[in-house]
Amino acid sequence: MGQRKRILIVDDEAHVRFTLGDTLRGLGPDVEVVEARDGEEAMARLKEAPFALVITDLKMPGMSGLELTEAVAETCPGTTVIWLTAYGDAAVQAEAARLAVYRCLDKPLEVAEIRRIVAQALEGRGKTGGEDRQDAGTR
(Lines give C-alpha, C1' and ligand atoms only; values in the text may rest on other atoms or scores of the structure.)
Protein backbone atom coordinates (compact mmCIF):
# COMPACT_ATOMS: atom_id res chain seq x y z
CA MET A 1 0.00 0.00 0.00
CA GLY A 2 3.03 2.30 0.24
CA GLN A 3 2.45 5.30 2.53
CA ARG A 4 0.84 4.97 5.94
CA LYS A 5 -2.97 4.67 5.82
CA ARG A 6 -5.13 5.65 8.80
CA ILE A 7 -8.46 3.91 9.47
CA LEU A 8 -11.04 5.19 11.95
CA ILE A 9 -13.48 2.58 13.31
CA VAL A 10 -16.65 4.05 14.84
CA ASP A 11 -19.06 1.79 16.71
CA ASP A 12 -20.80 1.99 20.07
CA GLU A 13 -20.19 -1.75 20.61
CA ALA A 14 -16.74 -2.35 22.12
CA HIS A 15 -16.50 -5.92 20.80
CA VAL A 16 -17.10 -4.73 17.22
CA ARG A 17 -14.38 -2.09 17.55
CA PHE A 18 -11.99 -4.63 19.05
CA THR A 19 -12.64 -7.31 16.42
CA LEU A 20 -12.43 -4.90 13.49
CA GLY A 21 -9.36 -3.18 14.90
CA ASP A 22 -7.56 -6.46 15.47
CA THR A 23 -8.51 -7.69 11.99
CA LEU A 24 -7.46 -4.51 10.20
CA ARG A 25 -4.16 -4.12 12.05
CA GLY A 26 -3.30 -7.41 10.35
CA LEU A 27 -3.26 -5.62 6.98
CA GLY A 28 0.31 -4.57 7.64
CA PRO A 29 2.65 -2.12 9.34
CA ASP A 30 1.59 0.76 7.07
CA VAL A 31 -1.98 0.67 8.47
CA GLU A 32 -2.86 2.59 11.63
CA VAL A 33 -6.21 1.85 13.24
CA VAL A 34 -7.91 4.31 15.60
CA GLU A 35 -11.20 3.62 17.39
CA ALA A 36 -14.07 5.87 18.47
CA ARG A 37 -17.18 4.85 20.43
CA ASP A 38 -19.53 7.40 18.84
CA GLY A 39 -19.86 10.08 16.19
CA GLU A 40 -18.78 12.91 18.48
CA GLU A 41 -15.54 11.14 19.42
CA ALA A 42 -14.99 10.31 15.74
CA MET A 43 -15.28 13.99 14.77
CA ALA A 44 -12.74 14.90 17.45
CA ARG A 45 -10.33 12.27 16.04
CA LEU A 46 -10.90 13.56 12.49
CA LYS A 47 -9.96 17.08 13.60
CA GLU A 48 -6.66 15.79 15.03
CA ALA A 49 -5.38 14.21 11.80
CA PRO A 50 -6.74 12.98 8.46
CA PHE A 51 -7.94 9.43 7.83
CA ALA A 52 -7.97 7.54 4.55
CA LEU A 53 -10.99 5.49 5.64
CA VAL A 54 -13.83 5.76 8.17
CA ILE A 55 -15.76 2.59 9.01
CA THR A 56 -18.90 3.47 10.95
CA ASP A 57 -21.92 1.78 12.40
CA LEU A 58 -25.14 3.44 11.27
CA LYS A 59 -27.18 3.23 14.48
CA MET A 60 -25.40 4.73 17.47
CA PRO A 61 -26.49 6.91 20.37
CA GLY A 62 -26.07 10.61 19.67
CA MET A 63 -24.68 11.29 16.21
CA SER A 64 -25.71 8.50 13.83
CA GLY A 65 -23.40 7.00 11.22
CA LEU A 66 -25.40 8.81 8.54
CA GLU A 67 -24.88 12.17 10.30
CA LEU A 68 -21.20 11.34 10.75
CA THR A 69 -20.90 10.53 7.04
CA GLU A 70 -22.46 13.88 6.12
CA ALA A 71 -20.01 15.66 8.45
CA VAL A 72 -17.05 13.72 7.04
CA ALA A 73 -18.09 14.63 3.48
CA GLU A 74 -18.23 18.29 4.45
CA THR A 75 -15.11 18.55 6.63
CA CYS A 76 -12.85 15.82 5.20
CA PRO A 77 -13.58 15.51 1.47
CA GLY A 78 -11.79 12.59 -0.09
CA THR A 79 -12.15 10.38 2.99
CA THR A 80 -13.65 7.02 2.07
CA VAL A 81 -16.55 5.79 4.23
CA ILE A 82 -17.83 2.23 4.79
CA TRP A 83 -21.07 1.63 6.68
CA LEU A 84 -21.81 -1.26 9.03
CA THR A 85 -25.42 -2.06 9.83
CA ALA A 86 -27.70 -4.71 11.17
CA TYR A 87 -30.63 -2.78 9.67
CA GLY A 88 -29.86 -2.58 5.95
CA ASP A 89 -32.80 -1.94 3.62
CA ALA A 90 -33.61 -0.02 0.43
CA ALA A 91 -33.69 3.32 2.28
CA VAL A 92 -30.21 2.68 3.69
CA GLN A 93 -28.95 1.80 0.21
CA ALA A 94 -30.45 5.01 -1.21
CA GLU A 95 -28.70 7.08 1.45
CA ALA A 96 -25.43 5.22 0.82
CA ALA A 97 -25.68 6.05 -2.88
CA ARG A 98 -26.55 9.70 -2.16
CA LEU A 99 -23.53 10.10 0.12
CA ALA A 100 -21.15 8.07 -2.12
CA VAL A 101 -20.48 5.52 0.63
CA TYR A 102 -17.88 3.02 -0.56
CA ARG A 103 -19.77 -0.03 0.75
CA CYS A 104 -22.61 -0.86 3.11
CA LEU A 105 -21.85 -4.08 4.99
CA ASP A 106 -24.32 -6.11 7.00
CA LYS A 107 -23.54 -7.35 10.48
CA PRO A 108 -22.43 -9.91 11.37
CA LEU A 109 -19.23 -9.34 9.43
CA GLU A 110 -17.01 -11.95 7.84
CA VAL A 111 -13.38 -11.24 8.71
CA ALA A 112 -11.94 -12.24 5.33
CA GLU A 113 -14.53 -10.18 3.47
CA ILE A 114 -13.99 -7.02 5.53
CA ARG A 115 -10.21 -7.29 5.13
CA ARG A 116 -10.57 -7.65 1.36
CA ILE A 117 -12.98 -4.71 1.07
CA VAL A 118 -10.87 -2.45 3.29
CA ALA A 119 -7.70 -3.32 1.35
CA GLN A 120 -9.51 -2.41 -1.89
CA ALA A 121 -10.81 0.85 -0.39
CA LEU A 122 -7.33 1.83 0.77
CA GLU A 123 -5.97 1.13 -2.71
CA GLY A 124 -8.77 3.19 -4.28
CA ARG A 125 -10.32 0.21 -6.08
CA GLY A 126 -13.88 -1.05 -6.11
CA LYS A 127 -17.29 0.51 -6.09
CA THR A 128 -18.76 3.53 -4.36
CA GLY A 129 -22.28 4.68 -3.70
CA GLY A 130 -23.24 1.63 -1.65
CA GLU A 131 -23.15 -0.64 -4.72
CA ASP A 132 -22.38 -4.33 -4.51
CA ARG A 133 -23.76 -4.62 -1.01
CA GLN A 134 -22.18 -7.42 0.95
CA ASP A 135 -24.58 -9.48 3.05
CA ALA A 136 -22.68 -11.92 5.25
CA GLY A 137 -25.92 -13.48 6.40
CA THR A 138 -26.99 -14.69 2.97
CA ARG A 139 -23.71 -15.69 1.34
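Within region 28-38, does at least one residue satisfy the condition of being in a helix (DSSP H, G or I), among the small types (G, A, S) and modelled with pLDDT under 95?
No, that holds for no residue.
Any residue at all in region 81-97 that is of a type outside the set (K, R), in contact (Cβ under 8 Å) with a residue 60 or more places away in the chain and in a helix (DSSP H, G or I)?
no
In region 1-27, which residue that is part of a helix (DSSP H, G or I) and among the small types (G, A, S) is nearest to G78 (Cα to Cα)?
Restricting attention to region 1-27, the residues satisfying the condition of being part of a helix (DSSP H, G or I) are 14-25.
If we keep only those that are among the small types (G, A, S) as well, we get 14, 21.
On the way: A14: 27, G21: 22 Å.
Among them, the one singled out is G21.
Find the residue count for region 42-69, including only residues that are under 14 Å from the mean Cα position of the chain (by Cα), over 13 Å from V92 (Cα atoms) and touching a residue at least 40 places away in the same chain (Cβ under 8 Å).
8
The values are calculated or read from the model by the stated rules, or taken from the named source; none is laboratory data. In this text the structure is predicted, and so the values were computed from the model without any measurement. Every residue, glycine among them, receives a Cβ derived from its backbone with ideal geometry; neighbour counts consider all protein chains shown.
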